[in-house]
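Please read the structure below before turning to the comments.
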Amino acid sequence: MHRRAYLALAAALVVLFFLGLVHGAVRIPLRDVLQILFGSYEGRDAWQHIVLESRLPQTVTALLAGASLAVSGLMLQTLFKNPLAGPSILGISDGANLGVAVSMIYFGAASYLTTIMAALVGAAVVLLIILWFSRKVSSNVMLLIIGIMVGYLASSVISILNYHASADKVHQYVMWGMGDFSGVSLAKLPWLAGFSLAGLAGALLLIKPLNALLLGESYATNLGVNVRRARVLILVCTGVLTGVVTAFCGPISFIGLAVPHIARLLLGSANHRHLLPVTLLAGACTALLCSILTVVPGSNNLLPLSAITPIIGAPVIIYVIVNRKNIHYFN
Amino acid sequence: MDRSPVIETRSLCIGYTGRGGRRTVHPGIDVRLFPGELTCLMGRNGAGKSTLLKTLCGLLPALGGEVRIEGRALGSYSPEQLAARIGVVLTERTQAGGISVYDLVSLGRYPHTGFFGTLREEDHAAVRAALETAGIAHKAGCHVAELSDGERQKAFIAKVLAQECPIILLDEPTAFLDVTSRLETMLSLRRLAHERNKAVLLSTHDLDVALQTADRLWLQPACPSDGTPDAGLAGPMVCGTPETLIADGSLERFFGGESIRFDPVSRRLVSRNDR
């Protein structure tokens, strides 16, 4: 089962990757795209510029962001024993969002590093708040609601900040807040890639304790897991992945929530040994697909990402909830 | 046979520490658990059987006194070392529905595998042996969620077998089982204790089956149910073989009530009115 899932996703990833490079306001044939990528292209400079400076970074950004958010979502779902947890549901994206808003409105978007750090701090603060409540509130549904409330609080602080900020800063922030894979230039890409790959590597190292946590904290402890340490590591990983994606692409909903479900349904198992890599690949594919769908043929404007991700994500969640009696990992 | 206890407690005080301060469930517990024996822990609801089991394996901190595992203080073991000594089967809900029975039992190998949890051939062999012993090998490929309550219990017993610990603690392993499965489960745990020299301690409400299968009984008296639990009022644990406890009237004293008495001849609880 897992071989088929890997193969299907790898194939989809390759197809979507090249589709992302070919498809756009201007249609550039695959042959030219390949030549541009391999440096043997001797055609129009404009096409070369579009592919290398615009489409390639957007595609790679989508790939990294999708993988990061999906893996964050999976880890949160396992940690909080709740299949409806996710970075945007638990308010972690909103925390990162608030961090970015503060840095943009008060310090200007001077350097990416400031923005990244602000997002990471924002994500970390919300994670700590959720973690603190998770000790007080035993019901996971209640915890989820607390996460949603924290998210609303962060959003309302952002609105208040916006009210007091100058118009151009607000505009800059609002544009960012729509969510966008195309805002990362080739020069900024290494920053995103560095943090993102570090977080993903960390997640792969947590596969063993994540599996033990499926049995609950008592069983995990009895198997020799240092649960407190595992929890902190998982949250740090999640914070880095969500924070960095939010810093570069703005808040992106549904990928972290829905993709782990797509991966479980595809794989037929909740064993993280395969589920985590499959979630990673499925996240990359889903985000690439969303990124492609933001392109309006014949127009230079992109649809906002926040308009596309729910179209893919919401039906998945509804399907999963309606069929939860027949889906094994709910029981 | 080795007759030194694998678990020994000295004036152990069990309970919880929470926002409302300490809540003692049972003070002054002195018990010894021996290898090669099936020991049944019995007591009324709320007597603290789960609390005792969780304290013995280090999942709850002791409020006082000490627990010694194979002669060493419980606290001196690292989590990994402890995981290789004591395995547990608990009553709590898990999220394991989406993994296969084989994967679940493989998690029992956790303390024995490396950083990535990759199973070597010897681990696979241990998993297969555990599945066979627990009588759940035919369901190895199923999801845990597809199992009946009895099968699920067997799967978790297989998990603890794969852990290959000399000490096994089980919290009400027969609670949701039908009559046949109850006796089967208890007999297989008893075989495990006898044939592999493991120390098996389990809590149960099933006096019938316990008297048939247990080598030793621990009777845990409840705190007075009215008012605040006063630590001093819970009586001492009564331990012994079923025969001794029947002969010296301990079972009658423990289970007997206003309308119920223990009948030593039929070895059952009967109504006083049927005399």
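What follows draws every value from the coordinates through simple rules; no lab data is involved. Computed from a predicted model, the values in this text were never measured in an experiment. Neighbour counts are summed over all protein chains in view; Cβ atoms, including those assigned to glycine, are modelled from backbone coordinates with ideal geometry.
What is the angle, in °, between the Cα long axis of helix B:149-162 and the longest principal axis of the Cα atoms in chain B? Nearest 10 is fine, range 0 to 90. That helix lies at roughly 70 degrees to the long axis. Rounded to the nearest Hz, the phi-derived 3J(HN,Hα) couplings of the stretch B:111-120 under the Karplus curve 6.51 cos²θ - 1.76 cosθ + 1.60 (θ = phi - 60°) are x, 9, 9, x, 4, 9, x, 5, 8, 8, where x marks glycine and proline. Looking only at B:D123, B:D178, B:D206, which one moves most when chain B is put into a Gaussian network model with springs between Cα atoms under 10 Å? Comparing B:D123, B:D178, B:D206 in the GNM, the peak value goes to B:D178. Across the stretch A:179-331, Cα-Cα pairs more than 22 Å apart make up 49 percent of the total.
Result for chain A in a Gaussian network model with C-alpha springs under 10 Å: among A:Y319, A:Y112, A:Y152, the largest mean-square fluctuation is at A:Y319.
Computed over chain A, the per-residue total of -39500 (n - 2.57) for DSSP H runs of n ≥ 4 gives a 222 nm mean residue ellipticity of -24000 deg cm²/dmol, rounded to 500.
Shown for B:C142, B:C13, A:C285, B:C40: other C-beta atoms within 10 Å of each C-beta, ranked fewest to most, produce the order B:C142, B:C13, B:C40, A:C285.
Entry for the stretch B:50-101 at q = 0.13, 0.14, 0.26 Å⁻¹: log10 I(q)/I(0) = -0.39, -0.45, -1.08, Debye formula applied to identical alpha-carbon scatterers, no solvent contribution. Here the calculated FRET efficiency for A:Y106 and A:S156, from their Cβ-Cβ distance with R0 = 22 Å, stands at 0.80, rounded to the nearest 0.05. Between A:S299, A:S196, A:S88, the Gaussian network model of chain A with springs among Cα atoms under 10 angstrom shows the greatest mean-square fluctuation at A:S299. Computing Rg and the Kirkwood Rh from the Cα coordinates of the stretch A:69-108 gives a ratio, Rg/Rh, of 1.17. Under 5 Å from the amide H of B:R44 lie the amide H atoms of B:A222, each residue being 5 or more positions distant or on a separate chain, with H modelled from the backbone and absent for Pro and chain starts. Listing B:S259, A:S269, B:S203, B:S11 from fewest to most neighbouring C-beta atoms within 10 Å gives B:S259, B:S11, A:S269, B:S203. Roughly how tilted is helix B:121-134, in degrees to the nearest 10 and between 0 and 90, from the longest Cα axis of chain B? Helix B:121-134 and the main axis of chain B meet at about 40 degrees. Each residue of chain B gets 151 Å³ once the volume of the Cα convex hull is shared out per residue. Within chain B, DSSP assigns beta bridges of which about 60% are antiparallel (rounded to the nearest 5). Calculated FRET efficiency, A:V14 to B:T180, Cβ-Cβ distance, R0 = 60 Å: about 0.60 to the nearest 0.05. Exposure proxy ranking for A:I262, A:I207, based on other Cβ atoms within 10 angstrom of each Cβ and starting from the fewest, stands as A:I207, A:I262. Rounded to the nearest 0.05, the FRET efficiency derived from the C-beta distance between A:A314 and B:S76 at R0 = 35 Å is 0.10. The spread of Cα positions in the protein assembly as shown, taken along each principal axis and listed from longest to shortest, comes to 101, 52, 45 Å. Legend: Rg and Dmax of chain A, from Cα coordinates, 19.8, 65 Å.
Ranking A:H274, A:A62, A:S218 by Cα position along the charge dipole of the stretch A:61-330, where only Lys, Arg, Asp and Glu carry charges on their C-beta atoms, puts A:S218 farthest toward the positive end. Spin-label pair A:N226-B:R23: with each label point 7 Å from Cα along the Cα-Cβ axis, the two points sit 3.1 nm from one another.
Considering only beta bridges that DSSP places wholly inside the protein assembly as shown, some 60 percent are antiparallel. Long hydrophobic helices in chain A, taken as whole DSSP H segments with a C-alpha length of 27 Å or more on their own axis and mean Kyte-Doolittle hydropathy at least -0.5: A:2-22, A:56-79, A:112-136, A:140-164, A:227-249, A:272-293.
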